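Okay, structure first, notes after.
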Amino acid sequence: MEAKFREHGVVSDVVDSAPTSELELTWKDGKAEFGNVLTPTQVQSPPTVKFSAEDQSFYTLIMNDPDAPSRKDPKFGEWHHWLVVNIPGGDVTKGEVMSEYVGSGPPKDTGLHRYVFLLYKQTGGKMVFEGLPKRTNRSPEGRAKHSVRQFTNQYSLGSPVAGNFYQAEFDEYVPKLMDQLSGK
């Protein structure tokens with residue numbers, strides 16, 4: 001797992017060290033497998049998330065794309081796709097959604113983008129995330145230039161305990177996602 005995070009540049013571009021366990025991410029028609037290619041159509045809805053959890057602990061889940069608008073020119077990266085905090089045990093559906101899930105939307109002709117999911121164990125139990133606004137899946141505000149490093153430092157989350165990622169490039173679903181984000 002660490003080799004895949006390094007091979008694809010996730011270690012260095014997003015985090016300083018690879019997570020120690022797998023975050024299982026499955027969609028109706030696909031599964032993230034450390035850099036495999038999925039289409040925006042396959043991942044338009046939030047995945048089912050499974051991980052090894054401690055029952056009495058709380059977790060934070062972050063999904064970012066470090067390649068916005070492209071891997072060659074990541075001037076908007078990391079672009080923030082999903083944020084769930086205060087996840088009790090291993091049940092993401094019971095966590096507090098701060099940023100609703102936005103599927104992959106790589107612009108046309110920008111090649112493959114990495115979509116990175118990282119899970120952090122909250123060391124102090126349930127937390128108050130001061131100053132963190134809630135975002136709907138129709139809101140692009142506050143999603144560009146969202147650094148995992150800055151976020152995890154600000155809230156003292158430490159190193160990721162689990163993670164995974166896939167790659168995707170433009171397909172026919174992307175214009176629908178862009179319309180959603182523009183409020184159409």
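Just so it is clear, none of the values below were taken in a lab; they were calculated from the coordinates. Keep in mind it's a predicted model, so treat the numbers as computed, not measured. Virtual Cβ from ideal backbone geometry, glycine too; neighbours counted across all protein chains shown.
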Point to revise | Flag for GLY158 being assigned to a loop (DSSP other than H, G, I, E, B), more than 20 Å from GLU100 (Cβ to Cβ), in contact with a helix residue (DSSP H, G or I) (Cβ under 8 Å, 6 or more places away or on another chain) and small (Gly, Ala, Ser) | key: yes
Review point. Quick one: is SER70 closer than 18 Å to PHE151 by Cβ and of a type in the set (Ser, Thr, Tyr)?
Key: no
Point to revise | Search result, residues across the range 117-148 that are of a type in the set (A, V, I, L, M, F, W, C) and within 14 Å of VAL84 (Cα to Cα) | key: PHE117, LEU118, LEU119, MET127, VAL128, PHE129, LEU132, VAL148
Practice item. Search the range 96-127 for residues being among the basic types (Lys, Arg) and within 22 Å of ARG149 (Cβ to Cβ), and hand back the single one that is surrounded by the fewest Cβ atoms within 10 Å (Cβ to Cβ). Key: LYS121
Practice item. With the condition kept exactly as written, say whether any residue in the range 22-39 is part of a loop (DSSP other than H, G, I, E, B), under 16 Å from the mean Cα position of the chain (by Cα), of a type in the set (Asp, Glu) and surrounded by 22 or more Cβ atoms within 10 Å (Cβ to Cβ). Key: no
